[in-house]
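Notes to accompany the following structure.
The values are calculated or read from the model by the stated rules, or taken from the named source; none is laboratory data. The shown structure was predicted, so the numbers you read here are calculated from the model rather than taken from an experiment. Ideal geometry is used to build each Cβ from the backbone, glycine not excepted, and the neighbour counts take in all protein chains shown. Areas reflect the complete protein model, heavy atoms only, side chains present, ligands, DNA and RNA absent. Shrake-Rupley method; radii C 1.70, N 1.55, O 1.52, S 1.80 Å.
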Amino acid sequence: MSEMYNHKVVEKKWQKIWDDNKAFAVTNDFTKPKFYALVEFPYPSGQGLHVGHPRPYTALDIVARKRRMQGYNVLYPMGWDAFGLPTENYAILNKIHPKIVTKNNVARFKEQLHSLGYSFDWDREINTTDPEYYKWTQWIFLKLFNAGLAYKTEMPINWCTSCKVGLANEEVVNGVCERCGSEVVRKVKSQWMLKITEYAQKLIDDLDGVDYIEKVKVSQKNWIGRSEGAEVDFSIKDKEDKLRIYTTRPDTLFGVTYMVVSPEHPIIDKYKDEIGNWDEIVDYRNMASKKSDFERTELAKDKSGVQIQGITAINPVNGREIPVWISDYVLMTYGTGAIMAVPAHDDRDWEFAKKFNLPLIQVVGKDGAVVDIEAEAFTDVATGVLMNSDFLDGLEVKDAKVKIIQFLEEKNIGIKKVNFKLRDWVFSRQRYWGEPIPIVKCDKCGYVALPESELPLELPEVESYMPTDNGESPIAAMTDWVNTTCPCCGGAAKRETDTMPQWAGSSWYFLRYTDPDNTQALASKEALNYWLPVDWYNGGMEHTTLHLLYSRFWHKFLYDQGVVSTKEPYQKRTSHGMILGSNGEKMSKSRGNVVNPDDIVSEYGADTLRTYEMFIGAFDLSASWSEDGVKGCRRFLDRVWKLQDMLNDDMNYSKSMETMMHQTIKKVSNDFENLKYNTAIAAMMALINEFYKQGSVTKGEFKTLLALLNPVAPHITEELWSIAGFENSVYQSTWPEYEEAKTVESIVEIAVQINGKTKTTISIDKDAAKDDVIAMAKEAISDKLTGDIIKEIYVPGRIVNIVAK
RNA sequence: GCCGGCGUGGCGGAAUUGGCAGACGCACAGGACUUAAAAUCCUGGGGAGUUAAAUCCGUACCGGUUCGAUUCCGGUCGCCGGCACCA
C-alpha cells in the first residue's frame, strides 16, 4: 500500500526539479511553432496574493502546459505592474522608500506564485519600476511626442480640498476623496495628453479581425462611442458669427424650436455687452462650474437653463428665428458645445422644452402618421417618416438624412461629420511613484524632448513623497534635478515634474517579455516578429475598457512607427469572473470574508487550490468560495493518488472502458480550449469513479489520466508518474490523442417517446437502420400505444418519437 | 435611463445543431470497516404520489413556434456588472 499523499513534500520536490531544470524556459528556436499565453501582471500590493489571482493564472497555466506537451514553444511570462498609488501612500505613511516597499512586496508575491507551481518562465520576469524597463516606456512617450500625439493643455482635474492633491477618477468615490472623504472639486491644471482620438476609427475597425469575447468588443465600441451626423451652421441675427452645432438627426432640422449652448461656450463672452440678462447668465455659469460630476449626475433628471436675452439664431433651412439658451446638459467637450433642439424628437430636448414651455414642432411621424408628441418625444428612427419638412416630406428617416446632408453641403451651411465619445488620454499625474516624463521646458524652445541617449531619465531621490500644497509632484521640490539645460539651445530650462499614470507601463509590457534583457531596443525585431501577436490574453472585465484600449492604441502607434509588425497586440481575449467570499459578497477585510491562498496551499496543497479554482464554476462568471468545495477537490486528488495501488495490466480488455478513455481525452482536450475547466475536471472525476467501480486500472489508462490532469494538478501527477516508473516527466511527455471513431459507443441507449414524452429506453446498435429501431421502439411501448400513429421520428443515436392521436 | 450578463434540486453547477433535465462536486441519509469516532469504501436521492410501481408536476413568470423547448421567438418580473444628459 502506498503512503498517504503528502502535498507539502511532493510540491516542494517538484518545484525544485522544475527550477533546477529550467523546465519551462522558452527556446530561442524561432522556427518552432509558438504560443504566447498572457495573463495580466499583478500590482504587487502589500496585502499579498489574493485567492482571486490564481483563477486566471491557473487557467492559462493549463493552456500553456498543454501546448508545451503538444510541441509548441510556449511563452508564459510574469512580471510586476509596480508603479502606483497604494505603494506611494504606504511609503508616505511609513517613511520607507517606495522602491523598498515594492521590492518587499514583489518578493512576497513571487514566493506565493512560486508555491502554486505555475509554469512561468521566471528568466523573463519584468518590473515596470525598473529603470531598464521604464527607459522604454519613456522611449515610447518620446516617439508619441515627436509624432505630435503628446501635447500639453489646460484640463480640469479632480482636486481633493483636504489632501490638496489631484486625484484620478478611480480615486473619487461618490464625489468625495477615497482616502479622506473630503469634497472633491474641479481644478484646471496643465496636463500632458495623448491623442488616442486619432486612432478612434482604427480601434473600432480592427476589432473585426480579433477573437475577443463578444462583451469585450461591445464595451470597447461603446466606450469609443462613434456616431454619424452633421455639423450645421446657424446664423445669429444681425451678427456675422455663426453658431455651429452637431446633430445625429439632421433630418429633423425643420423641427428646431430653440438652441442650447454649453455654459462654457465662447460665444457667450463674445457678445457679453449685448446680452440683456448678463447677471443671470453669470450666476448660472458659476453654479454649473461648481457642480462636481457627481452633482451633475444626481440632478440628471431635472433640467436647468437660462435663455440668453438679446441673441437670436436663424434656422438655415427655413429662416425661422429661434431663441438661444444655456444649459449644463450640453457639454463643451463633445461635438461643438452647442446643439439644435428638436423637442418633438429628442427625449432630453423634450424634457427641457416642457420645463420652460418651449414650442414643439412635429416633423417625423410613425409611418407618416401624426403621433402625440405632447405625451413624449417620438424618437423611433426605424418607423419614422418625415412631415412638415418641405422637400423631405414623405421620406424615411435614413433617406431624409442623406438628402438633407446633400442639401446642406450644396448650400455650404453644413457637412457630414463623425464624432466619438472617446476623449484624449490625460497622461500626467502629480505624483512621485511613476515614470518621469522625459521632457524639458525651455522658455525659448518650448517643450523639448530629451535625446534618446539620456534615457532612462531616472526618478530623483526626494526627501518626502508627500504631494505639495499647490498640486505639483513632490519631484518639483528637487531643484537640482529640475533645473537643467535645454537639449535644443543649451540655455537654462526646467524638467517636467509630472509623472506618467500607472497605465503607461502596462500598455506595452507584453512586448518586453519577448526579449526582456535587450539594451538596444524595447525588444529585437526577430523576437517581436516571432512572438506577436499574443495568442491568448486573459484578464479581468475591469480592464476591458481602459487598459485594453490604451495598450491597443500604443500598439497601433508602434505599428505605424514600424516597431511592431502586427496591427493588433492580442489575437484572443477572454475574461474571468470574480471569486467572492463564502457569503456571496466581494472579499474585503471589512467584510471579514477574505481567504488567504497561503492557508489553502498549506492545508490542502497547491494542486487542490488549482483544482478547486478551476472546478468552482463557469470560468467567466463570479463564484462564491466554499471551504467544503476545496475539501471535495482534495478528496478527488486523494482518490487519484490511491489509483497507484490499483494498477493491474492482467485484466480483461474492456471495450466500454476504451470508449470512455477516448471520450475523456476528447472532452478534456476541448474543454481546456474553451474555458470549460469545470466540466473537464468533472469528466476526469467520472473516469476515476469508473476505475474505482472496476477496482483496477491499467498502466496505460493511468498514464493517460496523469497526462490529462497534469496541467491542472502538476505536482501530484508528476509524482505519480515517477512512482509508476513512466519515462521522463509529464512535462516532457506528449499530450494524449484520441480517435474519433473510438469515442462512439457501439451500443447506445435511446429514449422512446410518445408525443414527446419519454416512456422508456431501449438499447440499440449505433448503426441500426431506422426501420428496425422504430420497430423495436414500438414493440417496447406496445402496451401504451393507443390511437393512430401519425408520424414516426428517429434522431440517430438519440431518440425515437412516435406521434399518435 | 441605456448597454451587457444571469435566473435550473438544500447548495456550487452540467446539458453538441432544439432530442432521456439535474453530469460532476458539496451537504445530507443509510450501509460496510472500527470497541467507538474520524478518515475511507459502497448505496441513495427534484417534487407530489405509491408497500413498490403506474401516473402527474417541474429549468423565474405568461404566451408562441415545434412531433419535441432549459435551449428559438414575443412579453413580464427579479438579480448582478458597466456607463451616466455624448446631441
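Note on the stretch A:202-245: residues that are surrounded by fewer than 13 Cβ atoms within 10 Å (Cβ to Cβ), within 11 Å of RNA strand B (Cβ to nearest atom) and in a helix (DSSP H, G or I) total 3.
The single condition from (1) within 13 Å of RNA strand B (Cβ to nearest atom); (2) in contact with a Gly (Cβ under 8 Å, 6 or more places away or on another chain) that residue A:753 fails is (2). Among residues of the stretch A:545-561 that are within 14 Å of residue A:207 (Cβ to Cβ) and without any contact (Cβ under 8 Å) to a residue 60 or more places away in the chain, those with a beta-carbon under 7 Å from a residue that is buried (at least 18 other Cβ atoms within 10 Å of the Cβ) and of a type in the set (Val, Ile, Thr) at least six positions away or on a different chain give the pairs A:555/A:564. Here residue A:669 passes the criteria (1) out of contact with any helix residue (DSSP H, G or I) (no Cβ under 6 Å at 6 or more places or on another chain); (2) within 12 Å of RNA strand B (Cβ to nearest atom) except the one numbered (2). Within the option set A:441, A:416, being within 16 Å of RNA strand B (Cβ to nearest atom), open to solvent by 70 Å² or more (accessible area, probe 1.4 Å), assigned to a strand (DSSP E or B) and not aliphatic (A, V, I, L, M) holds for one residue only, A:416.
If you take just the strands (runs of 3 or more DSSP E) that sit entirely in the stretch A:258-371, which of them hold at least 1 residues that are at pLDDT 90 or above and either open to solvent by 60 Å² or more (accessible area, probe 1.4 Å) or within 11 Å of RNA strand B (Cβ to nearest atom) (or both)?
Values: elements: A:258-261, A:306-314, A:321-326, A:338-341, A:364-366.
Passing ranges, in order: A:258-261, A:306-314, A:321-326, A:338-341.
Residue A:759 falls short on exactly one of the conditions (1) farther than 30 Å from residue A:672 by Cα; (2) within 12 Å of RNA strand B (Cβ to nearest atom); (3) part of a loop (DSSP other than H, G, I, E, B), and that condition is (3). Listed by first and then second residue, the pairs linking a residue in the stretch A:604-631 that is on the phi > 0 side of the Ramachandran plot and away from RNA strand B (no atom under 11 Å from the Cβ) to a residue that is of a type outside the set (Ser, Thr, Tyr) and open to solvent by less than 50 Å² (accessible area, probe 1.4 Å), with Cβ atoms under 7 Å apart and 6 or more places separating them unless they lie on different chains, are A:605/A:7; A:605/A:11. Checking the stretch A:109-128 against the condition returns no match, with no residue being more than 26 Å from the chain's Cα centre (by Cα) and either within 24 Å of residue A:459 (Cα to Cα) or assigned to a strand (DSSP E or B) (or both). Suppose the filter is at pLDDT 95 or above and either open to solvent by 30 Å² or more (accessible area, probe 1.4 Å) or not aromatic (Phe, Trp, Tyr) (or both); does residue A:119 pass it? In short, yes. If the condition is being among the charged types (D, E, K, R) and free of Cβ contacts under 8 Å to residues at least 60 places away in the same chain, then the stretch A:194-214 contributes A:198, A:205, A:208, A:214. Exactly one residue out of A:779, A:792 is away from RNA strand B (no atom under 14 Å from the Cβ) and either within 30 Å of residue A:666 (Cα to Cα) or surrounded by 11 or more Cβ atoms within 10 Å (Cβ to Cβ) (or both), and it is A:779.
Within the set A:741, A:707, A:724, A:751, the sole residue that is under 24 Å from residue A:666 (Cβ atoms), open to solvent by less than 30 Å² (accessible area, probe 1.4 Å) and out of contact with any helix residue (DSSP H, G or I) (no Cβ under 7 Å at 6 or more places or on another chain) turns out to be A:751. Of the candidates A:436, A:451, the single residue that is of a type outside the set (A, V, I, L, M), on the phi < 0 side of the Ramachandran plot and open to solvent by less than 40 Å² (accessible area, probe 1.4 Å) is A:436. Counting only residues that are over 14 Å from residue A:639 (Cα atoms) and of a type in the set (A, V, I, L, M), the stretch A:692-743 holds 7 of them.
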